[in-house]
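What follows is one structure encoded as structure tokens, with my remarks underneath.
The values are calculated or read from the model by the stated rules, or taken from the named source; none is laboratory data. Remember, predicted model here, so these are calculated numbers, not experimental data. All Cβ positions, glycine included, derive from the backbone under ideal geometry; neighbour counts span all protein chains shown. Ligands, DNA and RNA are stripped out before the accessible areas are found, and what is left, the full protein with its side chains, is counted by its heavy atoms. Shrake-Rupley method; radii C 1.70, N 1.55, O 1.52, S 1.80 Å.
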Amino acid sequence: MSHPLPRPLTVLPRGPLRGTIALPGDKSISHRALMFSGLAVGESRITGLLEGEDVLATAAAMCAMGADIRRGDDGVWQVAGVGVGGLLQPETALDMGNSGTSTRLLMGLIASHPITATFTGDASLSKRPMGRVIEPLGRMGADFTASPGGRLPLTMRGLCPAVPIEYTLPVASAQVKSAVLLAGLNTPGITRVIEPVPTRDHSERMLAGFGAEVSVEQTDDGRIISIRGEAELAPQEITVPGDPSSAAFWMVAASVVPGSDVTITNVGMNATRAGLVTALRMMGADIDSLDEREVGGEPVADLRVRHAPLSAIEVPPELAPSMIDEYPVLFVAASLAEGRTVARGAEELRVKESDRIAAMATALGACGVSVEEFEDGLAITGTGGDPIRGGARVASKLDHRIAMSMAVAGLASDRGVTVDDVSPVATSYPAFFDTLDAICS
Ligand code: S3P
């Protein structure tokens, strides 16, 4: 997947935001739905799949390894799986585009299959650390030849049968947890992951839904997730809830643009993902959770968000794993709050699609926001509700969430914000700017 030409876009001050917003499917859940369906024996159907570039990279890779994946005219995806242990040798390199989740989870799957695969990605993905998955998967017996620093492009050779391990996560990462559990799927015996700090639990939930023997135990050392290998997965009907990480942009935009009143429907409210709602409410945001229900084994709700004056907070570091992808847009909320917001303990932001601490410090600083950068976060002194200055051209750094966050900043600015390249938005939220036009007067 070569990167398209940069697409600059200026977002002028606009608003209020009013109306109802339908979200794209959850990205994390969409990846997992394709991978697990691709490993089941028989045909699964997936409704509400996110049709963004990252998820399509996962679909292409699963097809390259033997799964049959098609989109029906009704938008429902049908997947005929190969069975656990049945993945085939891909004939060409697997192009992961911008997607860290595709890369790390698929590395887990391949680790316990007798196949060799090469992973490539775009300039952003090629800078991201893969050592965090190479290390545990290596212990299970997979062999890796990576680019310097444990990066892409890399070639790996899986081992079958692999060796089950017990692994304590050194970083709070759902991708690392999932990579080990997925390797465990085709490994004889019990593979165990201990997470001292809870991270998103979509893998464990969905694997259990597919019939794998997964147990989760809460202990003083953290959560222990165990999976029995040589599992058989049964095909499923899956409904993917809306992505809370995509809802985040509208939650903040409606909170900071005066007169706004939006209802975001079908928002995934899994507690391991809902940290931003907690943080924004602490700041004084007016967010009502309506019609709380379950979709596809995940809690969802409709969120009504109305403009409200925001106050600065110290963002509790323990919220970090449950809002790790939402910090860029939280920094925009902080830019319009009264007082100095301090967000620390979020050093993982430095190894996302971009260095999100540096990218947001530079972009907001260029828009006239007072920002102090730390190794593990930012402190931002907000305007107290007045628009930020804006009038700058900022870099999205091949990072969809920087592009969308700075678009929200543009709405709440005096002079607008030009994002140098909004094309990365297609990785997770292809309809973002259409929705913006539809709900902004
Ligand atoms: C994801 C886990 C998180 C998150 C990413 C999606 C997942 O990454 O930032 O966008 O689907 O498992 P880490 O595991 O690196 O924290």
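With respect to being without any contact (Cβ under 8 Å) to a residue 12 or more places away in the chain and surrounded by fewer than 24 Cβ atoms within 10 Å (Cβ to Cβ), GLU314 falls outside the description.
Just name the residue that is nearest to ILE29 (Cα to Cα) out of those in the stretch 163-204 that are of a type in the set (Ser, Thr, Tyr) and either open to solvent by 10 Å² or more (accessible area, probe 1.4 Å) or within 10 Å of the ligand (Cβ to nearest atom) (or both).
Step by step, filter the stretch 163-204, then rank; the result is SER203.
The set of residues in the stretch 358-370 being closer than 12 Å to ALA343 by Cβ and without any contact (Cβ under 8 Å) to a residue 40 or more places away in the chain consists of ALA361 alone.
Quick grid of which residues meet (1) open to solvent by 60 Å² or more (accessible area, probe 1.4 Å); (2) within 30 Å of THR265 (Cβ to Cβ):
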position: GLY211; (1), (2): no, no
position: VAL216; (1), (2): yes, yes
position: ASP220; (1), (2): yes, no
position: PRO241; (1), (2): no, yes
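For MET251, the conditions (1) more than 16 Å from the ligand (Cβ to nearest atom); (2) over 25 Å from ARG14 (Cβ atoms); (3) under 22 Å from the mean Cα position of the chain (by Cα) are fulfilled apart from (2). Within the stretch 340-397, the set of residues being more than 15 Å from SER124 (Cβ to Cβ), open to solvent by 40 Å² or more (accessible area, probe 1.4 Å) and within 23 Å of the chain's Cα centre (by Cα) comprises ARG344, GLU347, THR362, GLU375.
In the set (1) open to solvent by less than 10 Å² (accessible area, probe 1.4 Å); (2) of a type in the set (S, T, N, Q); (3) closer than 29 Å to SER423 by Cβ, SER44 fails one condition alone, (3).
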